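Reading through the structure tokens given below for one structure.
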Amino acid sequence: MTATAQKLFTLEELNYGGKNYRQTLPENRNLLWWENTLVRADKETTYIVDLKTGKEQAMTAAQKEAFDGWRKKKTTKAEVRNHNIFVITADGSEKQITTDGNRELVYGEAVHRNEFGIMDGLFWSPDRQRLAFYRMDQSMVADYPQVNIDTRIAAYEPDKYPMAGETSHKVTVGVYDMQSGQTVYLKAGDPTDRYFTNIAWNPEGTIIYMFELNRDQNDCRLVSYNALTGDKIAELYRETSTKYVEPQHPIVFLPWDNSQFIMQSQKDGYNHLYLFSKDGKLIRQLTSGKWVVLDVLGFNKKQKSVIISSNEVSPIQQNLFAVNIKNGKRTPLDNGRGYHAGMLSDNGEWLFDKYQEPDVPRDITIVNTGKGKIVNYFSAPDPWKDYQVPLFECGKIKAADGVTDLYYRMVKPHDFDATKKYPTVVYVYGGPHAHNVDARWHYCSRSWETYMAQKGYVLFILDNRGSENRGRDFEQATFRQLGQIEMQDQMKGVDYLKSLPYVDSNRIGVHGWSFGGFMTITLMTNHPEVFKVGVAGGPVIDWKWYEVMYGERYINTPQTNPEGYAKTSLLSKAKDLKGKLQIITGYNDPTVVPQHCLSFLKACIEAGTQPDFFAYPGEPHNMRGHSSVHLHERITQYFEDYLKAP
């Protein structure tokens, strides 16, 4: 079924910029959703719009009072300036709630280096009457000596950077009360070598829940606290592992039952949903199977279901389902193909589904989550129409274990001729929390791959074991020996390439960034007979120089796993470099600090090997703006210079 458009009102009728609407609606907008209702305002009146008829009527006094109360809560916000927290209310008044913030004592910002799903440091209660926030003391963390070269005399601008096995920061959680103006801190005990993550509120805004993890990251506990006093209430759940436990999602209460919440865990081998009572009693496992719940979009309150995305249909797909809370029955909410990104209405009855397929650039459907009815709303035209388009293919091979399926993408020139021999570039990432191949447009191919195919290259991209969304054992196969299992799988990909008559086995190159840079040098130095040319961007060289949270999760500390660190370090491999290797870094990289690249260059000098090196002054881990254009020109030119010619 295809939707038809109906005009509701014109831009002129919206009266953008009217004097009074700014006092009525937030964020200088005069059109917004309020409790599943479209609201607009002109200079004098606030209206509710009936989307079925397009008609509108002025708010009643009762509606206006409720709307103003909602607006006041919604427009009360908090922000961080110079490491301190400020609260701004709807009337524009402002209060500074912390005063001693500085680069060593940080308030309201993401902590633990953005691991464990942490993207923010401020957490409002549902009624916005209390604000939970992170306080991070990093005064004990060593400074990494970054330098700003844009000043008349280069200036010292250090980063706080806790390296694996070294002293880490200490985090506590505060709660500010809007009514009393007081702040209490959760009494979680000594924060030394502990991680506090995935903060959540109960619906009443009186209890805070968070996952607490030890530094070894193998003992995870869900703990509740009284938000008024900071007192610990109970430990509700505990999960341990011989490798690691990695909480990524806060608990979510059922909107129709304040006594039950959903928790995500991969304790059975795959990330799934579990229903708990508020006192920590497991009621039932809601989803199960050899597939991963990728996200929880929200709830259909009327149907009492949770809306999720998962890769149940295929490891390279993302599809949408409604899961009945009572019996776990899953109802598909899309066409069963491709990669679907859903956005749910407030009451969960309607789903905005924006999706792609390998041959579908962008479609949008509107889905009734209760009935499963799908209405086609929009189909984007093919942006590649009338262009000479590369060939995009997807397939799978067996991993080095001979059992596990690995998915790959291949990009070929538009005028591909199977009787010819082509230079081939393996693009690699290979690390945790990322993948390269899925069922989106052109199998999620990057623009650079098209550019290279246009120049006559074949591109090959394989998701090895250790990458994301394939289950716990798939991800944790690399534990304590990063780069080794990944290398074995990538070499299976190379074996497959060598079996193809059109791949020139004497002209195989490799390129990757970050973990992919680490893999690029790992592959070139362990298999110098295979890879003629490589470009390694922002590479980890030795994991002892990487950060505590990420590094220790996957390879422990240098003190507890010296064999693993020695085995995966590339310093000892500098002598084995034979092909042409270009190393590139952002010279102010706060993620993979320049010490990695510089130390490898030093090792190469001592070994007598000759890599090339290029740095982008002032740039972080990933290049920005014009520097990014320059970077990709440089990468391409390196393959043109050293791989293209037979």
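The values are calculated or read from the model by the stated rules, or taken from the named source; none is laboratory data. The shown structure was predicted, so the numbers you read here are calculated from the model rather than taken from an experiment. FYI the Cβ positions are ideal-geometry reconstructions off the backbone, even for glycines, and counts take in every protein chain you see. Heads up: the accessible areas ignore ligands, DNA and RNA and are worked out on the full protein's heavy atoms, side chains in. Shrake-Rupley method; radii C 1.70, N 1.55, O 1.52, S 1.80 Å.
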Of everything in the stretch 91-133, what is in contact (Cβ under 8 Å) with a residue 60 or more places away in the chain, closer than 25 Å to residue 158 by Cα and in contact with an Asp or Glu (Cβ under 6 Å, 6 or more places away or on another chain)? Give them in sequence order. 113
Could you pull out the residue among 130, 113 that is farther than 19 Å from residue 180 by Cα and either more than 27 Å from the chain's Cα centre (by Cα) or open to solvent by 60 Å² or more (accessible area, probe 1.4 Å) (or both)? 113
Return the pairs, sorted by first residue and then second, in which the second residue is part of a loop (DSSP other than H, G, I, E, B) and acidic (Asp, Glu), the first residue lies in the stretch 183-208 and is farther than 24 Å from residue 139 by Cα, the beta carbons are less than 9 Å apart, and the residues are 6+ apart or on different chains. 204/127; 205/127
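Condition check ((1) part of a strand (DSSP E or B); (2) closer than 22 Å to residue 272 by Cα) across all residues:
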site	(1), (2)
336	no, yes
340	yes, yes
346	no, no
351	yes, yes
356	yes, no
363	yes, no
371	no, no
387	no, no
Given (1) in a loop (DSSP other than H, G, I, E, B); (2) surrounded by fewer than 21 Cβ atoms within 10 Å (Cβ to Cβ), identify the lone condition not met by residue 270. (2)
Do the conditions hold for residue 417, that is, is it surrounded by fewer than 24 Cβ atoms within 10 Å (Cβ to Cβ) and of a type in the set (D, E, K, R)? yes
Being aromatic (Phe, Trp, Tyr), surrounded by 22 or more Cβ atoms within 10 Å (Cβ to Cβ) and more than 26 Å from residue 627 (Cα to Cα) is the requirement here; does residue 543 meet it? yes
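Table: residues versus (1) touching a residue at least 60 places away in the same chain (Cβ under 8 Å); (2) within 27 Å of residue 478 (Cα to Cα); (3) of a type outside the set (Gly, Ala, Ser); (4) surrounded by fewer than 20 Cβ atoms within 10 Å (Cβ to Cβ).
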residue: 571; (1), (2), (3), (4): no, yes, yes, yes
residue: 596; (1), (2), (3), (4): no, yes, yes, no
residue: 602; (1), (2), (3), (4): no, no, yes, yes
residue: 631; (1), (2), (3), (4): yes, no, yes, no
Of all residues making up the stretch 182-215, the number that are open to solvent by 20 Å² or more (accessible area, probe 1.4 Å), among the β-branched types (Val, Ile, Thr) and part of a strand (DSSP E or B): 3
Consider residue 55 carefully, then state whether it is basic (Lys, Arg), open to solvent by 70 Å² or more (accessible area, probe 1.4 Å) and either farther than 30 Å from residue 379 by Cα or modelled with pLDDT of 80 or more (or both). no
All positions within the stretch 251-264 that are in contact with a strand residue (DSSP E or B) (Cβ under 9 Å, 6 or more places away or on another chain), surrounded by fewer than 20 Cβ atoms within 10 Å (Cβ to Cβ) and not aliphatic (A, V, I, L, M): 255, 256, 259, 260
Across the stretch 439-496, which residue is most open to solvent (accessible area, probe 1.4 Å) among those that are acidic (Asp, Glu) and part of a helix (DSSP H, G or I)? 473
If I ask for residues that are among the aliphatic types (A, V, I, L, M) and under 16 Å from residue 472 (Cα atoms), which ones from the stretch 219-264 would you list? 245
Among the residues of the stretch 236-249, is there at least one that is at pLDDT 95 or above and closer than 20 Å to residue 124 by Cβ? yes
Out of the stretch 337-372, which residues are among the charged types (D, E, K, R) and open to solvent by 40 Å² or more (accessible area, probe 1.4 Å)? 337, 346, 349, 354, 359, 362, 371
Name, by its number, the condition in (1) in contact with a Gly (Cβ under 9 Å, 6 or more places away or on another chain); (2) under 28 Å from residue 566 (Cβ atoms) that does not hold for residue 471. (2)
Residues in the stretch 216-232: is at least one assigned to a strand (DSSP E or B), open to solvent by 30 Å² or more (accessible area, probe 1.4 Å) and hydroxyl-bearing (Ser, Thr, Tyr)? no
If we keep only residues of the stretch 531-550 that are hydrophobic (A, V, I, L, M, F, W, C) and assigned to a strand (DSSP E or B), then the residue nearest to residue 573 (Cα to Cα) is 536
Going through the stretch 402-425 one residue at a time, which ones are touching a helix residue (DSSP H, G or I) at 6+ places or on another chain (Cβ under 7 Å) and part of a strand (DSSP E or B)? 406, 408, 409, 411, 412, 424, 425
Those residues of the stretch 546-569 which are over 14 Å from residue 481 (Cα atoms), crowded, with 21+ Cβ neighbours inside 10 Å and out of contact with any Lys or Arg (no Cβ under 8 Å at 6 or more places or on another chain) amount to 546
Scanning the stretch 601-639 residue by residue, those polar (S, T, N, Q) and in a strand (DSSP E or B) turn out to be none
